[in-house]
Structure formats: structure tokens, C-alpha cells
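The values are calculated or read from the model by the stated rules, or taken from the named source; none is laboratory data. Remember, it's a predicted structure, so these values are computed and weren't measured experimentally. Note: ideal-geometry Cβ built from the backbone for every residue, glycine included; neighbour counts use all protein chains shown. Quick note on the areas: whole protein, heavy atoms, side chains included, nothing else; ligands and nucleic acids left out. Shrake-Rupley method; radii C 1.70, N 1.55, O 1.52, S 1.80 Å.
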Amino acid sequence: MSHPSHGETLGESPSTSYISPDTLAEAVERRTRSLPPQKSAAQLAAEHERRQTFRRMIDPGIMRPNPKDQALASLKTLLTICENLIREPENPKFRQFKPTNSVIKRNLMDRKGALEYAIELGFRPEVVNFQPYYTFNSRHFEDLKIGCSIRLYFKKRSNSRLKSKSELMQGRRRRRL
């Protein structure tokens, strides 16, 4: 019995079919083109190093030298800045912040490590019409995404710690009653 030509199937059973090598190669190529490009080992290592840098900037960089409530307020402000910029990267309102803004001053400028984190995200100081600003540089968009993801990780972690502590305290109160 000879193999059928391109695109034909054997008539023996519906589950047994012949696919020509050319058809298979075309299908593989279509699938490969539709997949996102894979990162190289060097790219993955560099990304891991960036994540480590951001983790260290949060703890110990922001969390240890500042009171906990102030450190968490700083991290919340940084997360808001990140999320807004990722959601609307071309919106000029989100591409810069004024260090003289009361919330920015209180949560970023006056807290140890917070402004350094914003700079690591890609914000750079500049003066426009005699006004100081920190403006985002688009070349650092990947850093922004990494820094935002690390900040989300710490937010989830701190929320689970707060739950654990509150559950622990509730258990202690029940035992006392």
C-alpha cells in the first residue's frame, strides 16, 4: 500500500491519517510565529538581578529605616505611580510628578529609600519653567514593570502577615475569655 499524496488520508479508519512533512512543517512554523519570543538565559539572569535590586530597595531600603505605617504609605504611593503609568504609558499626567506635591513630598521625598526606588523605576529629575519634576524615561519601561511586580509581591505578603497577626490576636483574646 502506498502513502497518499499531499493532504489525502488513508481510508482505513478515521483515527488513522497521514500528514505530509510539508503540512506538519507549516503547522509548526505557524505555531512558532504565534508564540511570544523566549528570553535567553542571559536575559533571564539580568531580569532576576533587577528583581533582587528592587527587593533590596524595599527591604531593607524602605521598610527598615522608616516607621511601618510611613513605609507602607510610601510603597502604596509608588505602586499607584507604577500602575497608572503601566495602564496609560502615553498620558503626560502619569509620566511625571512634582516633588513639591504634598502627598509626593510626604510619602516619597521625606522617606528614606522611596525616592531612590522611583529613580530606579526610571524617573529622572528635571526642571521645566523653573519647576522641579521627576519625569519618566520610556527606556526604563521594563524596569517599571519589574518594580511594580515586586511592589505587588510585597503588598500581598504584608497583607497576609497582617491577616496572620490579626487572626493570632483574635485567638489570644478568645483564650483569655
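A compact table of results
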{"item": "Failed condition for Gln96, given (1) over 15 Å from Ile119 (Cα atoms); (2) out of contact with any helix residue (DSSP H, G or I) (no Cβ under 7 Å at 6 or more places or on another chain); (3) open to solvent by 60 Å² or more (accessible area, probe 1.4 Å)", "result": "(1)"}
{"item": "Filter result for Arg87 (of a type in the set (Lys, Arg) and more than 16 Å from the chain's Cα centre (by Cα))", "result": "no"}
{"item": "Residue identified as open to solvent by 20 Å² or more (accessible area, probe 1.4 Å), touching a strand residue (DSSP E or B) at 6+ places or on another chain (Cβ under 7 Å) and assigned to a helix (DSSP H, G or I) among Ile86, Ile81", "result": "Ile81"}
{"item": "Index of the failed condition, Pro4 passing every other in (1) part of a loop (DSSP other than H, G, I, E, B); (2) modelled with pLDDT under 90; (3) out of contact with any Leu (no Cβ under 9 Å at 6 or more places or on another chain)", "result": "(3)"}
{"item": "Among residues of region 99-152, those that are open to solvent by 30 Å² or more (accessible area, probe 1.4 Å), closer than 14 Å to Ala73 by Cβ and in contact (Cβ under 8 Å) with a residue 40 or more places away in the chain, counted", "result": "2"}
{"item": "Subset of region 57-78 [in a loop (DSSP other than H, G, I, E, B) and open to solvent by less than 70 Å² (accessible area, probe 1.4 Å)]", "result": "Asp59, Pro60, Gly61, Ile62, Met63, Pro65, Asn66, Pro67"}
